[in-house]
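Rule-based calculations on the coordinates, nothing more; no lab input. Model, not experiment: these values are computed from the prediction. Cβ: placed from backbone, ideal geometry, glycine included. Neighbour counts: every protein chain shown.
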Amino acid sequence: MNWLFLHSNQILTFVKSITDGKLLIVPVLIEGSWHLQAQNPDSINEFPNSPFRATESLKTFLFIPAESVGGEIPSEKETVIFGAKSCDLPALQILDKLFLEGAFEEPFYSERRKKTIIIAEDCSDCLPSCFCVAVGNTPYPENTADLIFSDVEGGKLVAAATERGEELLKKHGGSFSAATELQLSEQKEKRNAIKEKVKISLQEQKIEIPENIAEILQKKWPDKIWEKIAETCVECGACNFVCPGCHCFSLTDELTSEGKALRTRVWDACLSENFTRVAGGANPNKKREVRLRHRLERKFIAPYEAEEGYACSGCGRCIDACIGKLDMRKIIQEVANA
Amino acid sequence: MPENPYKSIPAKLLDVIEESGTIKTFVLKPERPILFEAGQFIEMAVPGVGEAPFTPSSSPAVSEKMDVTVMRVGKITEVLHDLSPGAMLGLRGPLGKPYPVDTEFKGKEILVIGGGVGLAPLRSLLYALLDRIDTYKKVVVRFGARSPQDIIYKDLMKKWTTNSPMDFVISVDADDTGKWKGPVGMVTTIMDDLPINISDAVAVVCGPPIMMKFATLKLLELGYADSRIYLSMEKNMSCGIGKCGHCRLGPYFVCEDGPVMTYDKIKNYEAIWD
């Protein structure tokens, strides 16, 4: 990657220049949690960033929770999202493959994706639920985002990871200089330190995730183990909704008060009982433990969701969201030790 | 800008044919022709109520009209069954992969095993096979219905079982009329001694899941290769375009990689018959 240096006194100018006229989404601290929210560009006084991932994932803005899809495809507003983290990015690759490739392109996602600039930055801290390092990910972005930022003394390092990112740097990059060796080694040190911090956090919680998760899940474990694990699942679907890579949805049809047919695409959850049910009542995933295992299989067995590796980036959102206190890291451990 | 794959093509309901107590055929005229191949499906919508996947039962060679045979079994089919000619419906498609009637099937002996309302999608396949009957060594059909009263397309069945280039036999699970002259028993009971050279044949199975399971087991017992058994995997195909996740089966989307899938592709996954 070609890293450039942006002096701290240039950062705001750069942010203003890049967001000019666009919808701006930034991380905002609300009652102790970071949330991605729309913000008036005029109110920005510093580089929008959070120490770790926000509660919302990027899909909230690209594959929105509910959308009218039965009519014309609307033209979306140009958007810039700041505050993407490394654990947000693998999911974007999954969504891109699903919605942009194959026999049918999903025009609503496609329109938003095309018009959204994604700016990611290294994590400087981690949450107890973070486990990126245990599933082959890092707490610093290395690809997929348009621009990647790292904090260094006196400013920020920036690199483009997409063609769009390259263009942005060309267009707005008058005040950049090439990163020095010293700055690059500072970046490396900081990156190693945060990686180490996530590892220590996992050790302190006594979480050891085995390397062969796919193999563990593929074994025909007695249903009893999964029955016990699934005992506290209330099928709320929160894990599905907060997951950056879960993409399942339903199409619902209704009549408006004017008698017009309205078709809406809404997020759906594979944890809910009727997700695979068909008319007449047949339902391959009728049992709750089967649905829970199914979700984990989709995340860890290639090529179910990801072509290779895992479709889980270790963001830990599902752990924080679960009111049944289900923690997929512990589930994997439990199944591995069964 | 790509086309909107969620948008239905308006289709006028021209006729409703009563096939049995619970099954009706809807004859539709879409606003623009829908060209499909046998085995592909469509999403049929009652505007403002909902949509569901169906495989057309008419000939794929006819594009300006489409027959869809529907069993009254759930929310949308109940509304459909109450509709009268003139109603407007919506169609999306064609979706999914068809039977390889011009490729893998070519030059082969074709065995078609059907059950119940599975005859509806098979009818469009049989029309397609009849259209190119000279390209196959033979077509053998074994079909099972619950009772003589449950047999749909009665006139066509009479014709196809008595006077057609196909070797076509229908069995009923039980004869509640006292007039049935054909075999009585599950369809698997008329799968022995088939006039088929298995090493040169492909088999198609379509019907209720339990029937598909036992018919497939029977075919395997008879010596059919996994890769030559074509199954209609009807799962909850909601979006129909390989995105929504409801019809996932292992790494596949049944709506995109199927609904016609060979047994070798899916045999290692759980709950394929559920």
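The Cα trace of region A:7-76 gives Rg and Dmax of 14.8, 48 Å, the first to one decimal, the second as a whole number.
Placing +1 at every Lys and Arg Cβ and -1 at every Asp and Glu Cβ, with all other atoms neutral, what dipole size does region B:121-274 have around its Cα centre, in debye to the nearest 20? Could the numbers behind the result be given before it?
Details: 19 positive and 19 negative charges, 61 e Å.
Dipole size: approximately 300 debye.
Across chain B, the mean sequence separation of Cα contacts (distance under 8 Å, 6 or more residues apart), normalised by length, yields a relative contact order of 18 percent. Between helix A:181-204 and chain A there is an angle of about 30 degrees, using the helix long axis and the longest principal axis of the Cα atoms.
By the rule of a C-alpha distance below 17 Å, with chain neighbours fewer than 8 residues away ignored, the lysines paired with B:Lys235 are A:Lys286, A:Lys287, B:Lys75, B:Lys97, B:Lys213, B:Lys243, B:Lys265, B:Lys267.
Against chain B, whose longest principal axis comes from its Cα atoms, helix B:209-222 is set at around 30 degrees.
Decide, for region B:109-232, between rounded, prolate and oblate: order the square roots of the alpha carbon gyration tensor eigenvalues as a ≥ b ≥ c, take rounded if a/c falls under 1.5, and otherwise choose prolate if a/b is larger than b/c, else oblate. Write out the running numbers ahead of the final one.
Values: a/c = 1.68, a/b = 1.24, b/c = 1.36.
Here region B:109-232 falls in the oblate category.
Taking Cα atoms only, the orientation of helix A:8-19 departs from the longest principal axis of chain A by about 60 degrees. Once backbone amide H atoms are built at 1.01 Å from N, A:Ile117 has A:Thr79, A:Val80, A:Ile81 as its partners under 5 Å, excluding neighbours fewer than 5 places away on the same chain.
By the Cβ-Cβ criterion of under 4.7 Å, the unpaired cysteines of the protein assembly as shown are A:Cys123, A:Cys132, A:Cys233, A:Cys236, A:Cys248, A:Cys270, A:Cys312, A:Cys322, B:Cys206, B:Cys247, B:Cys255. Where Lys and Arg each count +1 and Asp and Glu each count -1, what net charge lies around A:Lys228 among other residues with Cβ under 11 Å from its Cβ? So the environment of A:Lys228 carries a net charge of -4. Sorted ascending by nearby beta carbons within 10 Å, beginning with the fewest, A:Arg265, B:Arg228 become B:Arg228, A:Arg265. For region A:1-131, the tally of Lys pairs with Cα-Cα distances below 20 Å comes to 18, considering only residues 8 or more apart or on different chains.
Taking only the Cα atoms of region B:57-162, the ratio Rg/Rh comes out at 0.99, with Rh defined as the Kirkwood radius. Could you tell me which of A:Cys312, B:Thr135, A:Ala214 has its Cα farthest along the dipole of the protein assembly as shown towards the positive end, charges placed at Cβ (Lys, Arg +1; Asp, Glu -1), taken about the Cα centre? Projecting each Cα onto the dipole axis, the largest value belongs to B:Thr135. Is any residue of region A:206-244 close enough, with backbone N under 20 Å, to a label point placed 7 angstrom from the Cα of A:Asn274 along the Cα-Cβ axis, and if so, which? Within reach of a label on A:Asn274, which here means backbone N under 20 Å from a point 7 Å along Cα→Cβ, region A:206-244 contributes A:234-241. Multiplying the residue separation of A:Ala214 and A:Glu227 by 0.36 nm and subtracting their alpha-carbon distance yields 2.7 nm.
Classify region A:213-282: rounded, prolate or oblate, from the alpha-carbon gyration tensor (a ≥ b ≥ c, eigenvalue square roots; a/c under 1.5 rounded; otherwise prolate if a/b is larger than b/c)? Since a/c reaches 1.5 and a/b is larger than b/c, the shape of region A:213-282 is classed as prolate.
How large is the Rg to Rh ratio of region B:9-95 when both quantities use alpha carbon positions and Rh follows Kirkwood?
Values: Rg = 11.6 Å, Rh = 12.6 Å.
Rounded to two decimals, Rg/Rh equals 0.92.
Counting only C-alpha contacts under 8 Å and six or more residues apart, can you give the relative contact order of region B:9-95 as a whole percent? RCO, region B:9-95: 40 percent.
Shape class of chain A from the alpha-carbon gyration tensor: oblate, with a/c at 1.5 or above and b/c at least as large as a/b.
Across the residues of A:281-294, average count of Cβ atoms on other protein chains within 10 Å? Intermediate values should be presented prior to the final figure.
On the way: counts 2, 9, 3, 12, 6, 2, 1, 0, 0, 3, 0, 0, 1, 3.
Mean number of neighbouring Cβ atoms from other chains: 3.
Tell me, what is the FRET efficiency for B:Arg132 and A:Ser185 to the nearest 0.05, using R0 = 60 angstrom and their Cβ-Cβ distance as r? Walk me through the intermediate numbers first.
On the way: r = 71 Å, r/R0 = 1.18.
E between B:Arg132 and A:Ser185, to the nearest 0.05, is 0.25.
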